[in-house]
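**Q** Pasting in a structure now, in structure tokens, and then I'll have a few things to ask.
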Amino acid sequence: MNFQIKKLILWPKKSDLKPKEIEFELGKINIITGASRTGKSAIVPIIDYCLASGSCHIPVKTIRNACSWFGIIIQTNDKQILLARREPGLNKSTDEMFVLEGEQVTVPPTPHKNTTRDSVKKYLDEQASLSFLEIESDTTNNYFGRPSFRDLMAFCFQPQNIVANADTLFYKADTTDHRTKLINIFPYILGAVTPDLLAKRQEINVLLRELRRKEKDLSKLKDVAEKWKIEISGWLSAAEELGLVEVRNNLGVLSFDEQLEILSSISEKKASDSSILNRNIQASSREIVALRREESEISLKLSSFKNRYTEMSQLMDSIEDYRESLTIQIERLNISKWLRSLTEDEDSCPIFGFSENHPKDQISKFYNSLTQLEEESGYTNKIPAAFEREYESVKTEIDKLSEQLTAVQKRIRIQSSIRNSSADEKYTMENISRFLGQVQYASETFETLGSDSQLSLAIANLNERLGVLRAQVNENAIIQRVKAALRTIEGYTIKLLPLLDSERPNDPVKIDYENLTVIVTGTDGRDDYLWEIGSGSNWLAYHISVTLAFQLFFNKQNHSPVPNFIVYDQPSQVYFPQKLAAKENEKDLDPKLNNDEDQIAVKKIFKTLSQALSDSKNAFQVIVLEHADKSIYGGIEGVHEVCEWRGENEKLIPLEWIN
Amino acid sequence: MSQLNKEIQYVQNPAFGAYIIWNFVRGYYSNNSSFVPFPLLFVVLPIIFREDLVEQINGTQKASGLRQFSNKFLSTKILKNDVISQVHVSSSNMKNLTLTSIRVSIYASLISLDYENALVFPISTTERKNEPKNILKLGKASEKLGYWCSQLTLHEVSQIMKVRF
């Protein structure tokens, strides 16, 4: 996904001062260099905070005391998005956020709350075209929840404590929550599990549930099969009306077996046993009215679901073409063009049709402004669309409702067949005999339900569909695709690794995503985990090459939800002299690389970044926060120095903001 | 005319459309006396004529805004994200109805058009309270929608409601 940082903005607490803007270049290595304690390292938490992180990790004191809002401007393919968030004060974080989007956004003098963190999270999910389907749909376990934009941050930040860490490779992967979730969504991020597959997994689960229910129906009709229940109570009500049984108001309470018993007792009766009573007939009429009402309610609901289903199917059809990116292509409304096509000539008014009161130049002005308005609104022909969940749920709903409707209708038919069998002979002996015959037949049918019924047919159909789906959701194929993707990333890593300062530049690297680490295979054939390998410079080399390799891989995918920027905080730290040994009054001084070897090693870092960037044709953005200065990275291709924070009042927070 | 067509005519007719559009323009105007960009009127009827959308408008605080409203459809509780994606298509289908409704409301002196800038503003801003309850409810929803749209640029509305003008 094209999603790069254009600007970083800080709004001061002192309202008379202007906000501070730090501008980055797209597709370049942006470097902020500076001395210690100038606020370099705050950049990572600020960006993360603006991207709706759960808690605020921006350092307290100076920065948080001086700023009222933090913000970033993001550049995507066709627009800019400004995201700002209020300084949380004494709280852990705040929900107050401000969002603004447009082809070009201008920084407002002061932001105000116009949205919440939760909304921004959803908004970002949608911008990244992430699927709304859970990874494992039959579990309520959060670790298998749907992939969210926040999870993708793992690939975008390498703060100081991570960049040369032997134990963890990715940002925020140090807590169990994030770690487990990240591992679970890895196949999705790698493109091995597509939204389509997720939808099919979901369908399998829905079908499985239905299958289980139907199987239960079959073995224990009395509990579940509403359809038969309704039908049998239809027969019983009709029998009541004809006076073959006593009116009892508790039909619904009886179990299926009990009802069946009554039914078979009726079937043994003779027509002469009937005693038609006034109240029986009244009760049955009331029932018919209630049934009719129920029928129309269900059918109304059903038709509205059906409409929605048709609309959705059309949309889903167009999603199919853009499956991976979950988008729909749409034509613009083009009101101006359409209005023009309505009137025969340029002179007549598009709204009133005649031109006397509307002179020609006025009309043409109208058209001009209209076109201008349309242009202002911006244009993309693709819109994000993720509603597989909805599609599944509507499908299930329709099935359920149709089943209910058939049941109710059947019952109405039974009751009204007696009603309508020509009014005058309705309650004759002959008719009652006929009814008894039907009851006999029905009760026999109910009794043989188990062996051959519509139910077993439905079960067979379900099984068939499940078979088809299972073949499509081939879990083995997914594993193969994950492996193929990892091999590609490893390929990129191995190409970058020799450019860096590491002890084993040519040993193959394997990515072990289930442990979120890398394994290096030595010539002796032993697999060494990252944490088994010594030296900070080695860890750093693996971190840099792997994170870049991931970006290169995402870039090659048709559609990747992962933002294409990455921030490194002091990658060179392992080469700088330890500050602990320095004298007390020298601690604040800017450390210098005094060793030639170290200088070369740090230079290598920048050269590798530059190489990766040019391999990708500048398709992603790197931001580096560094002690090292121009003497190290000067002259390297693709490098853009954003600012240098050294000397008087050259810091993230200007002096006048504090004093 | 079949029964169903008649039913639709009872609800989705230009006179009623005019009432809805006027309420939208009123709501928009109520925020800093701002005028409505003409193309925006074409999304009003497709939204107000959908029961499930109106239900959510009524259930959303006025202060929350359009983003909050559209985000609701993403939630598992409502599960109707598709309905938002549908607005664009219905806007296109209802173009004619919208235009006739605009004409009616201009004839009825409810709204007027700033021809030069293609902007629309209300002539009368007094809320009507004597209509049947159901109609008032839809009018209110339209007014709220108008107010929300007035806080955003045309570009933003287009992004949030997924309509391309």
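Rule-based calculations on the coordinates, nothing more; no lab input. Quick caveat, the model's predicted, so the values are computed rather than measured. Positions of Cβ are backbone-derived with ideal geometry, glycine not excepted, and every protein chain shown enters the neighbour counts.
**Q** Taking neighbour Cβ counts within 10 Å as the exposure measure, how do B:THR126, A:THR396 sort from fewest upward? Before the final figure, lay out the partial values.
**A** Values: B:THR126 7, A:THR396 15.
By the 10 Å Cβ count, ascending: B:THR126, A:THR396.
**Q** Across the stretch A:526-542, in residue order, what do the Karplus-derived ³J(HN,Hα) couplings come to in whole Hz, using 6.51 cos²θ - 1.76 cosθ + 1.60 with θ = phi - 60° and x for Gly and Pro?
**A** 8, 8, 10, 6, 3, 6, 8, 9, x, 6, x, 5, 5, 4, 4, 4, 5
**Q** Now for a separate question. Treat each spin label as a single point 7 Å out from the Cα along the C-beta direction, and report the A:GLU397 to A:GLU320 distance in nm.
**A** 2.3
**Q** Quick one: what are the phi-derived ³J(HN,Hα) couplings along the stretch A:12-27, Karplus 6.51/-1.76/1.60 with θ = phi - 60°, whole Hz, x for glycine and proline?
**A** x, 5, 6, 6, 7, 9, 7, x, 9, 10, 10, 9, 10, 9, 7, x
**Q** Here's another thing I want to ask about it. Let's test the formula: R0 of 30 Å, r as the Cβ-Cβ distance of A:GLU21 and A:SER55. What FRET efficiency results, to the nearest 0.05?
**A** Numbers: r = 25 Å, r/R0 = 0.85.
Efficiency computed from Cβ-Cβ geometry: 0.75.
**Q** In straight Cα distance, which aspartates and glutamates are under 15 Å from A:LYS395, not counting same-chain residues fewer than 8 positions off?
**A** Partners within reach: A:GLU203, A:GLU210, A:GLU311, A:GLU403, B:ASP82.
**Q** Neighbouring Cβ atoms within 10 Å as the yardstick, rank A:SER93, A:SER535, B:SER85 fewest first.
**A** Working: A:SER93 17, A:SER535 14, B:SER85 26.
In order of increasing Cβ crowding within 10 Å: A:SER535, A:SER93, B:SER85.
**Q** Further question on the same structure: Distance between the C-alpha centers of the stretch A:81-133 and the stretch A:499-515? Whole Å please.
**A** That distance is 38 Å.
**Q** Determine the percent antiparallel among the DSSP beta bridges restricted to the protein assembly as shown, to the nearest 5.
**A** Counting only bridges with both partners in the protein assembly as shown, antiparallel ones make up about 70 percent.
**Q** A further question on this structure: Based on the Cβ-Cβ distance of A:ARG487 and A:ASN307, what FRET efficiency does E = 1/(1 + (r/R0)^6) give at R0 = 35 Å, to the nearest 0.05? Intermediate values should be presented prior to the final figure.
**A** Values: r = 47 Å, r/R0 = 1.36.
Taking R0 as 35 Å, the efficiency between A:ARG487 and A:ASN307 is 0.15.
**Q** Let me ask something else about it. Let me have the 222 nm mean residue ellipticity of chain A computed from DSSP H runs of 4+ only, each contributing -39500 (n - 2.57), with the sum over all residues rounded to the nearest 500. Spell out each step's value before the answer.
**A** On the way: 21 runs with 313 residues, N = 659.
After summing the helix terms and dividing by residue count, I get -15500 deg cm²/dmol.
**Q** Please work out whether chain A counts as rounded, prolate or oblate from its C-alpha gyration tensor, where a ≥ b ≥ c are the square roots of the eigenvalues and a/c under 1.5 means rounded, while otherwise a/b larger than b/c means prolate and anything else oblate? It would help to have the intermediate numbers written out before the result.
**A** On the way: a/c = 2.99, a/b = 1.96, b/c = 1.53.
The shape class here is prolate.
**Q** For the protein assembly as shown, with the dipole built from +1 on Lys and Arg beta-carbon atoms and -1 on Asp and Glu ones, taken about the Cα centre, which of A:ILE288, B:SER91, B:PRO46 lies farthest toward the positive end?
**A** The residue sitting farthest along the positive end of the dipole is A:ILE288.
**Q** Next question. Where does the charge balance sit around A:LEU466 when Lys and Arg score +1, Asp and Glu -1, over other residues with C-beta under 13 Å from its C-beta? Could you put the intermediate results ahead of the total?
**A** Working: positive: A:LYS200, A:ARG201, A:ARG209, A:ARG212, A:LYS214, A:ARG465, A:ARG470; negative: A:GLU203, A:GLU210, A:GLU215, A:GLU464.
Taking every other residue near A:LEU466 into account, the sum is +3.
**Q** Given the Cα-Cα distance of A:ASN558 and A:ASN65 and 0.36 nm per residue of separation, how much length would full extension add, in nm? Before the final figure, lay out each step's value.
**A** Details: separation 493, 0.36 × 493 = 177.48 nm, distance 4.37 nm.
The A:ASN558-A:ASN65 span can extend by a further 173.1 nm.
**Q** May I pose another question? Volume per residue, Å³, of the convex hull around the alpha-carbon atoms of the stretch A:599-647?
**A** Numbers: hull volume 3.7 nm³, N = 49.
Taking the convex hull of the Cα positions in the stretch A:599-647, it is 75 Å³ per residue.
**Q** Pairs to check: A:LYS200/B:LYS80; A:LYS79/B:LYS95; A:LYS400/B:LYS77; A:LYS121/A:LYS200; A:LYS6/A:LYS28; B:LYS77/B:LYS144. Give those whose C-alpha atoms are more than 21 Å from each other in this structure. The partial results should precede the final answer.
**A** Numbers: A:LYS200/B:LYS80 19 Å; A:LYS79/B:LYS95 27 Å; A:LYS400/B:LYS77 19 Å; A:LYS121/A:LYS200 26 Å; A:LYS6/A:LYS28 11 Å; B:LYS77/B:LYS144 23 Å.
In this structure, A:LYS79/B:LYS95; A:LYS121/A:LYS200; B:LYS77/B:LYS144 exceed 21 Å between Cα atoms.
**Q** Between 0 and 90 degrees, rounded to the nearest ten: what's the tilt of helix A:475-496 against the longest Cα principal axis of chain A?
**A** In chain A, helix A:475-496 runs at an angle near 10 degrees to the longest axis.
**Q** Apply 1/(1 + (r/R0)^6) to the Cβ-Cβ distance of A:ARG340 and B:GLN61, taking R0 = 41 Å, and write down the FRET efficiency to the nearest 0.05.
**A** On the way: r = 40 Å, r/R0 = 0.98.
The calculated FRET efficiency here is 0.55.
**Q** Tell me, what HN-Hα J-couplings in whole Hz come from the Karplus equation 6.51 cos²θ - 1.76 cosθ + 1.60 at θ = phi - 60° for each residue of the stretch A:632-642, using x for Gly and Pro?
**A** Karplus values, whole Hz, x for Gly and Pro: 8, 9, x, x, 7, 5, x, 8, 10, 7, 6.
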